[in-house]
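The values are calculated or read from the model by the stated rules, or taken from the named source; none is laboratory data. Computed from a prediction, not measured in an experiment: that's the story for all the values here. Neighbour counts are summed over all protein chains in view; Cβ atoms, including those assigned to glycine, are modelled from backbone coordinates with ideal geometry. Calculation scope for accessible area: heavy atoms of the full protein, side chains included, ligands and nucleic acids excluded. Shrake-Rupley method; radii C 1.70, N 1.55, O 1.52, S 1.80 Å.
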Amino acid sequence: MEKEAARFAGIYIHIPFCLRKCKYCDFVSYPAPADSPLLRQYVDWLAAEWRLWQEQGDFRHCASLYLGGGTPSLLPAEEIARLLEILPPAEEITLEANPETVDERKLALWRQAGINRLSLGAQSFHQRLLQAMGRGHDGEQTRQAVAAARQAGFDNIGLDLIYGLPGQTLADWKQDVARALALQPQHLSLYGLTLAPETPWGRQAAAGRLTPAAEEEAAAMLAFAMEALESAGLHQYEIANFARPGRASRHNQVYWRREDYLGLGAAACSCAGNRRFANHRRLEDYRQALEQGRLPIAEEESLSPRQVLGEAMFLGLRLRQGVDQQAFAQRYGVRPDQLYGPALKKLIQNGLLEEDGPWLRLTRRGLFLANQVFVEFV
């Protein structure tokens, strides 16, 4: 890549290790005990990959660093600190953590290393649902993790919850939302369950042995949460994400605004202009590429101008503020209504999109039928 790599607004670091694999998860991750030497070796590989990228451009600063997974909090805290020492400074540095891997010592070291945002995978506070998912924590561990994080100085804490789970009722969900709000997080991500075919739950569903919540019930869960979170001061800034004022995830917005981002680690993906590329998924392939002194990129594609514009539209419409047609024209040289006039007219007539001055955004009805909107731009 030409020496313009410093354009990346965000850097994502994939940590592909978990104590166990959840039954719904289709992210690339591998089982590893907390004392596995592989965890430290992996940081060596990340450092080697980063050195190769530094040869491509001058990385002095970026808006966000995001350590995701997998379970990044499984890494020894000293290794996370070592990794952050070599990466560029960032305004927002997020670490994803599972509650059972959090303790006071780790939290203190994370803060010292510069992590200023914590994202906890709560998923639910009901033990039967957590066990069914294959999670390794309970609701009390989530509450303890939040309290310990605050004690360590974290003032930007997010929680993830999942709705539409098999056996989950609307009453269950209302309790989960209430219990999450009681912890006063700065951010909440609400993910509707999706069943990827290669996951245990996906295979069970295909065989007729597992039944997720009906679409109508899942929609009722989201509708309830939207009202409850708004009343509690968490504003919906993206379809699945809610935050208190000034606490929207900068890294999330890198994606939805289609800014350039770099992915480090096995299976990590990157976007630079019209170029998308992804690293090797298998650890052995990732390691071998680095040992041979080359970037571990396994696949890449160049998008056509039309594909870039389509992506910018459906990603931007995920944000509640929507797409500013004037800013879109300044960036891409053409207004959305010039490109997609008939489609936009139809979506507006069907009550899925609305115009507000230069802004195009999803209506409330459109939030629940977003895929019907997005397909118009693919």
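Taken along its principal axes, the alpha carbon cloud of the stretch 66-203 reaches lengths of 44, 35, 23 Å, longest axis first.
So if I take the centroid of the Cα atoms in the stretch 146-201 and the same for the stretch 336-378, what is the distance between those two points in Å? Value for the Cα centre distance between the two parts: 29 Å. Couplings 3J(HN,Hα) for the stretch 9-22, derived from phi with the Karplus relation 6.51 cos²θ - 1.76 cosθ + 1.60 (θ = phi - 60°), are 7, x, 10, 9, 10, 8, 10, x, 10, 9, 5, 7, 9, 6 Hz, where x marks Gly and Pro.
Annotation: the antiparallel percentage among DSSP beta bridges lying fully within the chain is about 45. Solvent-accessible surface of the chain, taken per residue with a 1.4 Å probe and all protein chains present: 44 Å². Put simply, the amide H of GLY263, placed in the peptide plane, has neighbours under 5 Å in TYR12, SER270, CYS271, leaving out anything fewer than 5 places away on its chain. As a rough guide to protection, the peptides 26-35, 157-166 ranked by mean Cβ packing within 10 Å, highest first, stand as 157-166, 26-35. Scoring 304-310, 268-274 by mean Cβ neighbours within 10 Å over their residues and listing the highest first yields 268-274, 304-310.
Placing one equal scatterer on every Cα of the stretch 246-346 and applying the Debye formula, the log10 ratio I(q)/I(0) at q = 0.12 Å⁻¹ is -0.52.
Across the chain, Cα-Cα pairs farther apart than 30 Å form 42% of the total. Accessible surface of the stretch 210-291, 1.4 Å probe: 50 percent of it comes from carbon and sulfur atoms. For the chain, CYS18, CYS62, CYS269, CYS271 have no disulfide-compatible partner, since no other Cys C-beta lies under 4.7 Å from theirs. Computed from backbone phi, the HN-Hα couplings of the stretch 366-375 come to x, 4, 7, 10, 4, 5, 5, 6, 5, 4 Hz, rounded to whole numbers (Karplus: 6.51 cos²θ - 1.76 cosθ + 1.60, θ = phi - 60°; Gly and Pro given as x).
Computed 3J(HN,Hα) for the stretch 332-343, one whole-Hz value per residue from the Karplus formula 6.51 cos²θ - 1.76 cosθ + 1.60 where θ = phi - 60°, is 10, x, 7, 7, x, 6, 6, 7, 10, x, x, 5, glycine and proline marked x. Counting only protein chain heavy atoms and rolling a 1.4 Å probe, the accessible areas of LYS23, LYS345 rank, largest first, as LYS345, LYS23.
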